[in-house]
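Here the structure comes first, spelled out in structure tokens, and everything after it is commentary.
The values are calculated or read from the model by the stated rules, or taken from the named source; none is laboratory data. The structure presented is a predicted model; accordingly, all values stated were derived computationally and were not measured. Here the Cβ is made from the backbone with ideal geometry for all residues, glycine too, and neighbour counts use every protein chain on show.
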Amino acid sequence: MFEIKAKDKMVERALLVGAYLGADKKAEAQSLLEELEELVDTLGIPVVERMLVHHREQHPRYLIGSGKAQEIVDLAKKLECDVLVFDNELSPSQQRNWEELAGMTVADRHEIILDIFGARAQTREARIQVDLARMEYSLPRLTRAWSHLGQQGGGIGAKGEGESQLEQDKRKIRLQIDRLKRELETVRRARATQRKDRKRAPVPNAAIVGYTNVGKSSLLRRLTGADVFIENKLFATLDTTTRKIALPNKQPLLLTDTVGFVRKLPHQLVEAFNATLEEAALSDFLIHVLDVSQPEVMEFYNTTMSVLTDLGADTKQMLVVFNKVDKVVDPAALFALRRHFPEAVSVSALTGEGMDELIERISEFVERGTMTVELRLPAARADLLARLHRDGTVRDVRYEHEFTDVVATIPTRALEVFASFLAPPVADAVDAEERVRA
């Protein structure tokens with residue numbers, strides 16, 4: 001991995017800047033700047049000041065006017081900051097211009113998120129995805145690393161030392177990008193194979209989705225007892241975690257915890273983590289977790305839905321979960337939120353409040369993708385009966401001399417496996433259900 005700038009020491013004091021157009025955007029800009037502070041804090045960089053800047057038009061050199069830019073630089077030097085962090089996306093040229101003006105490190109929101117992902121990636125797939133995104137981000141910014149090298153030397157056709165080194169590094173990075181893409185494709189094929197194996201054993205699966213730090217991993221731990229990493233920071237976990245649970249009716253279910261979303265997520269990461277996010281697109285239904293203690297909860301919901309729409313997963317069945325109800329300070333806000341999501345389940349993954357109702361609702365969602373059938377299995381096919389016990393719910397068994405009559409609830413997608421053993425027509429499956437109840 002090529003660093004895009006030399007650092008003599010780790011940055012210790014940060015000034016955050018958020019520029020916005022239009023007075024009606026001030027509240028949103030303030031919220032984003034507060035979120036940026038959380039992101040910077042996740043990297044362990046102390047924030048000494050935040051600054052909101054209103055500007056009437058985009059300026060190509062500094063994004064904002066030169067007068068306001070100088071004012072920001074003067075404040076940063078007065079506060080003895082060693083890094084400026086912008087909530088806005090800076091072009092490579094704007095980033096260079098700011099570093100020349102300020103004489104210090106300048107980063108934007110995208111670079112901060114990339115650094116967090118780089119620090120948090122654990123599995124081989126996540127590391128490849130992050131490295132690829134960082135390489136693609138760094139490529140047009142390489143001139144920052146070599147600005148100290150001039151075009152020295154003379155003679156016809158001679159190249160300066162800086163130009164030569166820059167071109168060499170660009171070629172190296174392009175080669176590494178190609179290599180990482182090949183490695184990622186290999187990992188994706190392996191993931192597709194694993195997914196096929198899961199489909200072959202027709203266990204229903206649900207993906208837990210939501211904004212970063214809403215408590216998805218905590219919810220997975222509470223539901224499954226899985227030892228998953230939990231931390232009260234943005235992007236605490238990047239890798240998907242899948243665990244199996246048994247519902248009260250003994251129906252198994254696979255639960256997958258996915259990477260959290262965030263506003264202004266760099267498009268390089270959306271593309272790079274497409275394989276991870278596919279878990280949401282290919283699941284049977286979604287469990288959309290909302291942190292109801294946050295005032296921007298609807299904005300976070302819309303951000304998540306926007307990414308799900310890009311993945312083609314927005315039309316899936318969705319169970320909305322209100323998490324962190326134990327932290328709600330304004331009951332009226334929660335009541336208003338219920339008007340938008342009347343079917344939502346209120347829980348606290350921390351205290352366990354509402355978990356019984358959540359499990360019951362999850363069971364209902366699973367049952368929507370199942371059907372009750374009556375089967376006549378050959379006595380010699382004990383493997384089919386074992387599969388029914390493993391992947392469905394056996395409701396009644398009657399043994400005869402050459403056959404075993406079974407009433408079972410199975411996932412709809414498993415019907416093709418047992419279609420040739422159906423005793424009554426599929427339309428009469430309801431009668432089978434009624435006979436079990438009787």
TODO: Can you give me the number of residues within region 102-128 that are under 23 Å from E37 (Cα atoms) and in a helix (DSSP H, G or I)?
DONE: 13
Task: Among residues of region 381-405, those that are surrounded by 13 or more Cβ atoms within 10 Å (Cβ to Cβ), touching a Lys or Arg at 6+ places or on another chain (Cβ under 8 Å) and modelled with pLDDT of 85 or more, counted - done: 3
TODO: Select from region 329-351 the residues that are of a type in the set (V, I, T) and either at pLDDT below 85 or more than 18 Å from G210 (Cα to Cα) (or both) and list them in ascending order.
DONE: V329, T351
Task: Flag if L184 is more than 23 Å from S363 (Cα to Cα), modelled with pLDDT of 80 or more and either buried (at least 17 other Cβ atoms within 10 Å of the Cβ) or not assigned by TED's automatic domain parsing to the domain that holds M355 (or both) - done: yes
Open item on the list: Out of the residues in region 42-52 meeting the condition of being out of contact with any Leu (no Cβ under 9 Å at 6 or more places or on another chain) and touching a residue at least 24 places away in the same chain (Cβ under 8 Å), tell me which one is surrounded by the fewest Cβ atoms within 10 Å (Cβ to Cβ).
Closed with: P46
Open item on the list: Looking at the structure I just gave you, is S66 loosely packed, with under 15 Cβ neighbours inside 10 Å, closer than 30 Å to R171 by Cα and at pLDDT 90 or above?
Closed with: no
TODO: Evaluate the following for D87: is it at pLDDT 90 or above and loosely packed, with under 15 Cβ neighbours inside 10 Å?
DONE: no
